[in-house]
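The values are calculated or read from the model by the stated rules, or taken from the named source; none is laboratory data. Model, not experiment: these values are computed from the prediction. Cβ coordinates were reconstructed from backbone atoms using ideal geometry, including for glycine residues, and neighbour counts include every protein chain displayed.
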Amino acid sequence: RALVAADADGDERVVEAALRPRTLDEVVGQERVREQLSLLLEAARRRERVPDHVLLSGPPGLGKTTLAMIIAAEMSSPLRLTSGPAITHAGDLAAILSGLNEGDVLFVDEIHRMSRPAEEMLYMAMEDFRVDVVIGKGPGATAIPLEIPPFTMVGATTRAGLLPSPLRDRFGFTAHLEFYEPAELERIVRRSARLLEVELGADGAGEISGRSRGTPRIANRLLRRVRDYAQVRADGVVTRALARSALDLFEVDESGLDRLDRAVLDVLCRRFGGGPVGVSTLAVAVGEERETVEEVAEPFLVRLGLLARTPRGRVATRAAWHHLGLTAPETVDA
Ligand code: ADP
């Protein structure tokens, strides 16, 4: 049984990797970012230099890792992957940096969660391609300078504002990824369906993309769940009606709100009378970490016009009350 579960999970990850665009041309949407990146990389190639450091910001699942892999691929350079939480000591970072070869692309996911001493070491590494490794403690401590071959740093974060400005300033190019439009998500679903050999019937792709929360990763995941449903409960063809039944089963609503999104709205309206309420209080009430509520749920709710951020706290809009099937109090004006 454990073996089956592990296999199933491995399969999901293999599928996700198989669906990743491998070149800038295969990336759907994000036209401006694609054009800017393509220019940056082409210029670096012509000068035979490593490209400038790149910062990618935006909610999870919008393509940050994919773009980092593409940057490495387009430069024909190896990609090294790590993440902020994995770097707890400056020494961890020194070890990674000292193992780099010229031209390597170093991808640091969740770069805002790196420890402060590591962050300070990174400033110098990014700017001067050198770090000081401190050996020992107290008065006997010595700093050993270490040269690092020129490399390209690609940092990913949910919000650029989470980075201290000295770190942010060391990136020569910053791209902010936005949620995708339904038409773009539909193209992603069609592309993935082709790769997975899923047969799409009348408007099946439209139904899936409309419920994908503006997020390619979710679009691909929903497609896989709908594919399961089509295979088990029908003849394999994904029609609109079939997609709708499948997604209802998985509790994804018509606007794409997931369980956490709905919990936030629900608590905001039913428990706090629509707000204003502080984000920490909201997070405790839904039993999630503040960061998850703020970086994952909120941006999408704001985008849909269901939630507003005000100086006094989070407020449910009229549309939010409506979405929950409740009547907004007279005082709600938005
Ligand atoms: P992030 O690093 O921002 O969390 P990923 O790069 O891991 O997101 O993307 C998640 C999945 O979504 C990938 O497996 C990829 O298949 C798909 N994806 C993301 N962006 C795009 C895009 N622009 N076009 C097509 N597929 C995409």
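Remarks
- When every residue of segment 249-270 is checked against the conditions, at least one turns out to be within 30 Å of Ala193 (Cβ to Cβ) and more than 23 Å from the chain's Cα centre (by Cα).
- Single match in Asp235, Asp258, Asp228, Asp248 (criterion: within 16 Å of the ligand (Cβ to nearest atom) and surrounded by fewer than 21 Cβ atoms within 10 Å (Cβ to Cβ)): Asp258
- Residues considered: Gly275, Gly206. Of these, the only one that is part of a loop (DSSP other than H, G, I, E, B) and surrounded by 16 or more Cβ atoms within 10 Å (Cβ to Cβ) is Gly275.
- With a requirement of 1 or more residues that are at pLDDT 95 or above, the strands (runs of 3 or more DSSP E) lying completely within segment 124-166 that satisfy it span 152-157.
- Screening the candidates Thr152, Thr157 for the property of being within 16 Å of the ligand (Cβ to nearest atom), under 30 Å from Leu39 (Cβ atoms) and hydroxyl-bearing (Ser, Thr, Tyr) yields one hit, Thr157.
- Positions within segment 23-56 being within 16 Å of the ligand (Cβ to nearest atom), hydrophobic (A, V, I, L, M, F, W, C), in contact with an Asp or Glu (Cβ under 9 Å, 6 or more places away or on another chain) and not in a helix (DSSP H, G or I), in sequence order: Val28
- Total residues in segment 167-194, condition part of a loop (DSSP other than H, G, I, E, B) and small (Gly, Ala, Ser): 1
- Within segment 222-243, residues that are free of Cβ contacts under 8 Å to residues at least 40 places away in the same chain and hydroxyl-bearing (Ser, Thr, Tyr) reach partners that are part of a helix (DSSP H, G or I) and crowded, with 19+ Cβ neighbours inside 10 Å with beta carbons closer than 6 Å, at six or more positions or on different chains, in the pairs Tyr229/Ala246; Thr239/Gly204.
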